[in-house]
Amino acid sequence: MDESESVIAHYGASSAKARVTDSLRQAGFGDGALSWEDLIPLDQFHVRGFAATRDLASALHLTPDATVLDIGCGPGGASRFLAATYGVHVTAIDLSPSFIEIAVMLTERAGLTSKIAYRVADALDLPFEDSAFDYAWTQHVAMNIRDRPRLYGEIHRVLKPGGSLAIYDIVLGNGGPLIYPVPWARDPTISFLLTSDAMREVLVASGFDVVSWIDTTDTAAAWFAKQQSTHGDKPALSSIALDPRMQADFAVMVGNLRRNLTEGRIRLVQTVLRRA
């Protein structure tokens, strides 16, 4: 099994569409229309949830009718928010067929299919022409990608000159080796964190100029603390769209994520860059 196959298997290779549909019924949403806001507890699969998505979008200064590439879209939360709130046209990709199936279903129910197109694709081999997008967007994706020069090089290729890239990612801290399992990996075989400085160096070498670079670690730690006081040991990230095999260990994964963060083993960064 190669790294891509291992990543797909980690998040769940089997379809989760029926499970998500059943969960929405149990939550009282039935089978009818939903708003993108209804889905916020489900579809924001990253630290700080919707607040992090909202902050990243605000920093990007999107313009109506612009084209956005959402790389590693998961169940599609960010793409729906961007399309509904900013009036942009989003193309969203993910390596996992299961996540794409869920994203399509939820977007249909939210009435946003005219604004968003989903497809299964590899971020290291983007199936788009050069200079195809005004903006690119990625949240909590690069941790699973070893070849960062190729990742950032592909994003640079498909962005228009002067186009912007928004990233919200986990980076390596200086507090010692990671404690596994974590939401993106059960062990180091599919975990490829860089330090903030190393990540910045690769991005600049790939042809990007840094517009803003914000360490959001303290904000993330405060969010985890609030989640803990409000929900106890309940996982602070949505797991409804995940494979049952991963869901079984998800509380442990989130607990380790929080410990890695509070002990300085990982940090969080929000950055906006511009293609030179």
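The values are calculated or read from the model by the stated rules, or taken from the named source; none is laboratory data. Everything numeric here is computed off the predicted structure, so don't read it as measured data. Note that each Cβ is placed from the backbone with ideal geometry, even for glycine, and that neighbours are counted across all protein chains shown. Areas reflect the complete protein model, heavy atoms only, side chains present, ligands, DNA and RNA absent. Shrake-Rupley method; radii C 1.70, N 1.55, O 1.52, S 1.80 Å.
Numerical summary
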item: Identified option (computed Kirkwood radius over Cα pairs in Å; candidates (i) 20.5; (ii) 18.8; (iii) 22.0); result: (ii)
item: Rounded to whole Å, sorted largest first: equivalent-ellipsoid semi-axes of segment 107-211, Cα gyration tensor; result: 26, 20, 12
item: Probe 1.4 Å - accessible area at Arg25, Å² to nearest ten; result: 120
item: Fully extended contour minus Cα-Cα distance, from Ser6 to Ala222, at 0.36 nm per residue; result: 74.5 nm
item: Segment Arg146-Asp55, length gained on full extension (0.36 nm per residue, minus Cα span); result: 30.1 nm
item: Computed label-point distance, nm, for sites Ala198 and Thr262 using a 7 Å Cα→Cβ extension; result: 2.6
item: Simple label model, 7 Å out from Cα along Cβ direction - Gln26 to Glu129, nm; result: 4.7
item: Inter-label distance for Asp187 and Thr67, nm, one decimal - labels placed 7 Å from Cα along Cα-to-Cβ; result: 4.3
item: Inter-part distance where segment 39-75 and segment 132-160 are each reduced to a Cα centre, Å; result: 15
item: Size of electric dipole in the chain: Cβ of Lys, Arg +1 and of Asp, Glu -1, about Cα centre, debye, nearest 20; result: 480
item: The chain: most fluctuating residue of Gly49, Gly87, Gly74 per GNM, C-alpha cutoff 10 Å; result: Gly87
item: For peptides 109-116, 65-72, sequence by mean Cβ density within 10 Å, most packed first; result: 65-72, 109-116
item: Residue-by-residue Karplus 3J(HN,Hα) for segment 84-90, coefficients 6.51, -1.76, 1.60, Hz, glycine and proline x; result: 6, 8, 10, x, 8, 9, 10
item: Whole-angstrom Cα spans of segment 47-145 along principal axes, big to small; result: 30, 28, 27
item: Per-residue SASA entry for Met105, accessible area with 1.4 Å probe, Å² rounded to 10; result: 10
item: Solvent exposure of the chain as accessible area per residue, Å², 1.4 Å probe; result: 42
item: Cα-Cα pairs of segment 106-154 separated by more than 14 Å (percent); result: 64
item: Solvent exposure, largest accessible area first (probe 1.4 Å, DNA, RNA and ligands not counted), of Asp218, Asp249; result: Asp218, Asp249
